[in-house]
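Contents: one structure, followed by commentary.
The values are calculated or read from the model by the stated rules, or taken from the named source; none is laboratory data. All of these numbers come straight from a predicted model, not from anything done at the bench. Every residue, glycine as well, gets a Cβ built from its backbone with ideal geometry; the counts of neighbours run over all protein chains shown. The protein model used for the area step is the full one, side chains on, heavy atoms only, and it has no ligands, DNA or RNA in it. Shrake-Rupley method; radii C 1.70, N 1.55, O 1.52, S 1.80 Å.
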Amino acid sequence: MGKPLTYIFTLVCAVALPGCQEDVPDADLVGTLWTLEAIEVPGEPDILPNAKWTYPIQFFEDYHFEGGIACNHLVGEYMLTGGGLIQFKNFSATKIYCGESSNSLAEQYGAGLSAVHSYEIIGKKLQLHFNDSVLKFRNLE
């Protein structure tokens, strides 16, 4: 396919056919900086972080992770057991009051991490599944 045809195909693909796109390689769980986009809870609108706080998370080869919950720092360990299964353990966060109400996104995020049982990476998106809900992240890089 020549360059003009490739360009036209890419343009038509991007504009007219939402399911048609060039393959984007999956990001790696380890070493990728992820940020929370939303918490998806069945039957409710997605819970979105506000612009004031980010919720980053990064996984390291030695099976520890670091991240943030509102203005607090989060650290802990994770375990992969194959087949997309993941478990967080021994994690904690600093306890600085960030000016959020009780039942805030920070509390829901922490509770979600405690219950995560599996993960899925599609392109530059990470999903951490817990109960019937999903923590949705995107790759910052």
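Give, as residue ranges, the strands (runs of 3 or more DSSP E) completely inside segment 53-103 that count at least 1 residues that are more than 16 Å from D28 (Cα to Cα). Don't jump to the end; show me each part of the working.
Details: elements: 56-59, 64-69, 72-82, 85-93.
Counting at least 1 such residues, we get 64-69, 72-82, 85-93.
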Segment 113-141, subset at pLDDT below 95 and among the small types (G, A, S), residue farthest from the chain's Cα centre (by Cα): S114
If I57 passes every condition in (1) among the hydrophobic types (A, V, I, L, M, F, W, C); (2) out of contact with any Asp or Glu (no Cβ under 9 Å at 6 or more places or on another chain); (3) at pLDDT 95 or above but one, which one does it miss? (2)
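May I ask you to verify whether V116 is under 16 Å from E66 (Cα atoms) and of a type in the set (V, I, T)? Lay out the reasoning, then the answer.
Working: under 16 Å from E66 (Cα atoms): yes; of a type in the set (V, I, T): yes.
Criteria met by V116.
Return the total of residues in segment 22-74 being among the polar types (S, T, N, Q) and without any contact (Cβ under 8 Å) to a residue 60 or more places away in the chain. Talk me through it step by step, then tell me what you get.
First, pick out the residues of segment 22-74 that are among the polar types (S, T, N, Q): 32, 35, 50, 54, 58, 72.
In the following step, the residues that additionally are without any contact (Cβ under 8 Å) to a residue 60 or more places away in the chain were identified as 50, 54, 58, 72.
The number of residues fulfilling the criteria is 4.
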Can you find a residue that is farther than 16 Å from Q127 by Cβ, surrounded by 14 or more Cβ atoms within 10 Å (Cβ to Cβ) and in contact with a strand residue (DSSP E or B) (Cβ under 8 Å, 6 or more places away or on another chain) anywhere in segment 84-95? yes
In segment 110-141, the residues that are part of a strand (DSSP E or B), closer than 18 Å to Q58 by Cβ and open to solvent by 40 Å² or more (accessible area, probe 1.4 Å): Y119, E120, K125, Q127, K136, R138
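Evaluate the following for L33: is it out of contact with any Phe, Trp or Tyr (no Cβ under 7 Å at 6 or more places or on another chain), modelled with pLDDT of 95 or more and either surrounded by 14 or more Cβ atoms within 10 Å (Cβ to Cβ) or under 21 Å from L140 (Cβ atoms) (or both)?
Numbers: out of contact with any Phe, Trp or Tyr (no Cβ under 7 Å at 6 or more places or on another chain): yes; modelled with pLDDT of 95 or more: yes; either surrounded by 14 or more Cβ atoms within 10 Å (Cβ to Cβ) or under 21 Å from L140 (Cβ atoms) (or both): yes.
Yes.
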